[in-house]
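**Q** Once you've had a glance at the structure underneath, I'll fire off some questions.
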Amino acid sequence: MFADNSAAIRRPAATTSTLHWLLLFLASTAAVLPLVLRGPSCGHDFDFHLLSWIETAADWRQGLVYPHWLVSANYGAGEPRFVFYPPLSWFLGAVLGTLAGLLGPHIGWTAAPILLTWIALFAAGCAVYGLARDFASSNSAAIAACLFIANPYLLFVAYERTAYAELLSTALIALLLRFALRTRMAIVPLALIVAGLWLMNAPAAVMGCYTLAFLALLRVLFERSAMPAWRAGLSCVAGTSLAGFYLVPAAYEQRWVQIERAVSEGMRVQDSFLFEHTGQLYHDQVLHIASTITLMLASIGFVAIVAAWRKQQQRRILVTLTTLLAALLFLQLRVSDIAWRMLPRLQFLQFPWRWLVVISIVAAVAVALALAREKLLVAAPVAAIVVAGSLWICTHRFYQQCDVDDSIDGQLSIFHSGAGVEGTDEYTARGADNSEVLQDIPQVRVLTNADAELPAANAGDNPEWISDWAFPTTAKATFKVTAWQPQHRSIQIDAAAPAFAVLTLMDYPAWQVTLNGRLDTDHGHREDGLIALAVPAGRSTIDVRWKNTPDIDWGRLLTALAAVLLLINGIASSRQRRGDSDA
């Protein structure tokens, strides 16, 4: 059975604990200082996240609390991004940008990614500190947590990848390990953590559930009891159900989009095993960095475990860490391909090196266990030098300079102009080719046939719309846009003869389209996926509204049921603990 921290490790004095939190605060602040001085790093996912935050804040100003449709994607035709991308990160980004935006839009959206990065790093450091303190001295845990904040993988995610949702999920992964390794695996805290992971980042949630299952299996072998597996399974089911309001629509509506494009060539697991060579220069460069970090952190973890083992303390946790680290390192190798193919949903991690978030946490705990109390006076200065060196090298190496369009002002300008940006392939409706959506097209075009103005085969992806293209196929008609909001569009058309109204709006089953008060369920199909309706001669009114489909209602019901059951379980567990303490 795993040792309970409260019994095994003496708690630090209040002044010592305060000093530890201060060290974590300083380490997190030092980690984002280059962002404060140079501005946000425009890493791989920076544009994706910033646009989501800006548009969410704009939707809130229009009274739309939980948006589903990102208007700016596909050059104004939109995409159902908020149905599929977990909500916590874009909600937090929008909140930070809105609050800091009270000082001005540029200041607000410049500050938002910096503040979010700091919050993620500080929260991760605190979570790792709590986990390490369960098995090592508080001073050792503080040193290990500071080293964790400065570890190359966390800075790689923060600076080069700017994968903000993954960065925020790091603290939850550390908390999951902490509660999974306690003497009694409490269902409610673990379920809340699993729910938080699903609502923060889907790959992190998959990793979290598999990590919990692996640790539960080890505990079954150690304790010769099925109870850990039972509690871990209930926690995963309850946590996943608690996130049902997001997960049910995201899972059900995958049939309406080309979700398989998320794991296209270069984004597949088999393309990113340790030091794999694909011939794609940029992909291989990023993979080489991730592979180097993998070997570095795994080596540190194993060396620290050996050092801690020689102290003959916490043998059970050391065996657990060793087994977990070995399993995660195995998943980085091509020989593990069969496991990636057989285990459900594991392929959607895309990159095996995403497991570095768990590897880095394991390495940090191992370091805390390896630090002997009598050598802390030597270890602390050495750790300070390592932290400073890692922050200096990694932040400079991984920082990505912004070009004009990627800059805060550039993205704000594009957003307010309404020109829009390229769409996300995996959120494109089935049967549509988002590369054929023209740029700078009007909100509505009235044409003589539904397929008019599609780009030529040799025109390239998303070519500019030229008004002269419309001349041969433009119908004699006038129109007036009476509403053009994120989830409601209304147009009035006066046509001299029957024609086709093409809206700059991607067709999607959640759109309820009415023509002259009658539901239109059979409007024309275009290769670019835009809505095209046949309108009669005379005046016509088109109304398009986002309608919550049944899967959304089912998801909300599942969340409510899970919340009630977890509340009942929490109350019962609390009463049982009080009864045990009274006895």
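The values are calculated or read from the model by the stated rules, or taken from the named source; none is laboratory data. In this text, all values refer to a predicted model and were calculated from it rather than measured experimentally. A quick note on method: Cβ atoms are made from the backbone with ideal geometry, for glycine too, and the neighbour counts reach across all protein chains shown.
**Q** Residues to consider are His44, His49; find the one that is within 17 Å of the chain's Cα centre (by Cα) and outside any helix (DSSP H, G or I). Give the derivation first.
**A** Numbers: His49 fails: outside any helix (DSSP H, G or I).
After applying the criteria, what remains is His44.
**Q** Inside the range 260-299, can you point out the residues that are without any contact (Cβ under 8 Å) to a residue 60 or more places away in the chain, β-branched (Val, Ile, Thr) and in a helix (DSSP H, G or I)?
**A** Start the filter on the range 260-299 by keeping residues that are without any contact (Cβ under 8 Å) to a residue 60 or more places away in the chain, which leaves 265-266, 271, 275-285, 288, 292, 295, 299.
Next, only the ones that are β-branched (Val, Ile, Thr) stay: 278, 292.
The one that is without any contact (Cβ under 8 Å) to a residue 60 or more places away in the chain, β-branched (Val, Ile, Thr) and in a helix (DSSP H, G or I): Thr292.
**Q** Counting only residues that are over 25 Å from Tyr399 (Cβ atoms) and surrounded by 13 or more Cβ atoms within 10 Å (Cβ to Cβ), which one in the range 275-288 is modelled with the lowest pLDDT? Steps first, answer last, please.
**A** Going through the range 275-288, the residues over 25 Å from Tyr399 (Cβ atoms) turn out to be 276-279.
Remaining after also requiring surrounded by 13 or more Cβ atoms within 10 Å (Cβ to Cβ): 276, 278.
Numbers: Glu276: 91, Thr278: 87.
Only one residue tops the list, namely Thr278.
**Q** Follow-up. Quick one: Leu346 ticks every box in (1) at pLDDT below 95; (2) within 30 Å of Leu23 (Cα to Cα); (3) of a type in the set (A, V, I, L, M, F, W, C) except a single one, so which number is it?
**A** (2)
**Q** Does Ala450 count as surrounded by 15 or more Cβ atoms within 10 Å (Cβ to Cβ), of a type outside the set (S, T, N, Q) and either more than 25 Å from Ser490 (Cα to Cα) or modelled with pLDDT under 90 (or both)? Steps first, please.
**A** Details: surrounded by 15 or more Cβ atoms within 10 Å (Cβ to Cβ): yes; of a type outside the set (S, T, N, Q): yes; either more than 25 Å from Ser490 (Cα to Cα) or modelled with pLDDT under 90 (or both): yes.
So Ala450 passes the test.
**Q** Search the range 103-116 for residues being within 22 Å of Leu197 (Cα to Cα) and surrounded by 24 or more Cβ atoms within 10 Å (Cβ to Cβ), and hand back the single one that is farthest from the chain's Cα centre (by Cα).
**A** Ala112
**Q** Of the residues Thr482, Thr521, Thr474, Thr478, which is touching a Lys or Arg at 6+ places or on another chain (Cβ under 8 Å) and hydroxyl-bearing (Ser, Thr, Tyr)?
**A** Numbers: Thr482 fails: touching a Lys or Arg at 6+ places or on another chain (Cβ under 8 Å); Thr521 fails: touching a Lys or Arg at 6+ places or on another chain (Cβ under 8 Å); Thr478 fails: touching a Lys or Arg at 6+ places or on another chain (Cβ under 8 Å).
Checking each option against the conditions leaves just Thr474.
**Q** Test Arg545 against the stated conditions and say whether it is part of a strand (DSSP E or B) and within 26 Å of Pro455 (Cα to Cα). Reasoning before the result, please.
**A** Values: part of a strand (DSSP E or B): yes; within 26 Å of Pro455 (Cα to Cα): no.
The answer is no for Arg545.
**Q** Let me ask another. Determine, yes or no, whether Arg556 is of a type in the set (Lys, Arg), surrounded by 13 or more Cβ atoms within 10 Å (Cβ to Cβ), farther than 20 Å from Ala73 by Cβ and under 32 Å from the mean Cα position of the chain (by Cα).
**A** Working: of a type in the set (Lys, Arg): yes; surrounded by 13 or more Cβ atoms within 10 Å (Cβ to Cβ): yes; farther than 20 Å from Ala73 by Cβ: yes; under 32 Å from the mean Cα position of the chain (by Cα): yes.
It is true that Arg556 is of a type in the set (Lys, Arg), surrounded by 13 or more Cβ atoms within 10 Å (Cβ to Cβ), farther than 20 Å from Ala73 by Cβ and under 32 Å from the mean Cα position of the chain (by Cα).
**Q** Further, regarding this structure: Of all residues in the range 75-92 being in contact with a strand residue (DSSP E or B) (Cβ under 6 Å, 6 or more places away or on another chain) and of a type outside the set (Gly, Ala, Ser), which is farthest from Pro550 (Cα to Cα)?
**A** Filtering the range 75-92 for residues in contact with a strand residue (DSSP E or B) (Cβ under 6 Å, 6 or more places away or on another chain) gives 75-79, 81.
Then keep just the ones that are of a type outside the set (Gly, Ala, Ser); that gives 75, 79, 81.
Numbers: Tyr75: 29, Glu79: 19, Arg81: 18 Å.
Going through the qualifying residues, I end up with Tyr75.
**Q** Any residue that is touching a Phe, Trp or Tyr at 6+ places or on another chain (Cβ under 9 Å), touching a residue at least 24 places away in the same chain (Cβ under 8 Å) and over 30 Å from Thr504 (Cβ atoms) - is there at least one of those in the range 46-59?
**A** No: zero hits.
**Q** Right, here's the next one. Which of the residues spanning the range 52-81 are in a helix (DSSP H, G or I) and under 26 Å from Gln400 (Cβ atoms)? Outline the logic, then answer.
**A** Kept after step one, since they are in a helix (DSSP H, G or I), are these residues of the range 52-81: 52-61, 73-76, 81.
Within the range 52-81, Ser52, Trp53, Ile54, Glu55, Thr56, Ala57, Ala58, Ala73, Asn74, Tyr75, Arg81 qualify.
**Q** Then there is this: Considering only the range 453-489, state which residues are polar (S, T, N, Q) and at pLDDT 85 or above.
**A** Of the range 453-489, the ones polar (S, T, N, Q) are 458, 462, 467, 473-474, 478, 482, 485, 487.
Passing the criteria: Asn462, Thr478, Thr482, Gln485, Gln487.
**Q** Continuing with this model, one more query. Filter the range 383-435 for residues that are assigned by TED's automatic domain parsing to the domain that holds Arg161, of a type in the set (Val, Ile, Thr) and without any contact (Cβ under 8 Å) to a residue 24 or more places away in the chain; which is surrounded by the fewest Cβ atoms within 10 Å (Cβ to Cβ)?
**A** Ile385
**Q** I'm checking my understanding of the structure. Among residues of the range 480-513 that are touching a residue at least 24 places away in the same chain (Cβ under 8 Å), polar (S, T, N, Q) and not in a loop (DSSP other than H, G, I, E, B), which one is farthest from Tyr66 (Cα to Cα)?
**A** Here the residue is Gln492.
**Q** Could I ask something else about it? Out of everything in the range 300-343 that is outside any helix (DSSP H, G or I) and surrounded by fewer than 19 Cβ atoms within 10 Å (Cβ to Cβ), what residue ends up being modelled with the highest pLDDT? Please lay out each step first, then the result.
**A** Start the filter on the range 300-343 by keeping residues that are outside any helix (DSSP H, G or I), which leaves 311-314, 331-333, 343.
Adding the requirement that they be surrounded by fewer than 19 Cβ atoms within 10 Å (Cβ to Cβ) leaves 311-313, 333, 343.
Values: Lys311: 75, Gln312: 64, Gln313: 66, Leu333: 96, Leu343: 93.
Checked the range 300-343; the qualifying residue modelled with the highest pLDDT is Leu333.
**Q** Taking interchain pairs and intrachain pairs at least six residues apart, which have beta carbon atoms under 9 angstrom, with the first residue in the range 172-193 and under 20 Å from Ala243 (Cα atoms) and the second polar (S, T, N, Q) and at pLDDT below 95?
**A** Ala186/Ser573; Ile187/Asn569; Ile187/Ser573; Val188/Asn569; Val188/Ser573; Ala191/Asn569
**Q** Here's another thing I want to ask about it. Among Val263, Val269, Val335, Val257, which is the only one that is touching a strand residue (DSSP E or B) at 6+ places or on another chain (Cβ under 9 Å) and more than 26 Å from Ile393 (Cβ to Cβ)? Working first, answer last.
**A** On the way: Val263 fails: touching a strand residue (DSSP E or B) at 6+ places or on another chain (Cβ under 9 Å); Val269 fails: touching a strand residue (DSSP E or B) at 6+ places or on another chain (Cβ under 9 Å); Val335 fails: touching a strand residue (DSSP E or B) at 6+ places or on another chain (Cβ under 9 Å).
Residue meeting the stated conditions: Val257.
**Q** Any idea which of Thr514, Thr504, Thr541, Thr521 is over 30 Å from Leu234 (Cα atoms) and touching a helix residue (DSSP H, G or I) at 6+ places or on another chain (Cβ under 6 Å)? First the steps, then the outcome.
**A** Details: Thr514 fails: touching a helix residue (DSSP H, G or I) at 6+ places or on another chain (Cβ under 6 Å); Thr541 fails: touching a helix residue (DSSP H, G or I) at 6+ places or on another chain (Cβ under 6 Å); Thr521 fails: touching a helix residue (DSSP H, G or I) at 6+ places or on another chain (Cβ under 6 Å).
None of the others qualify; the one that does is Thr504.
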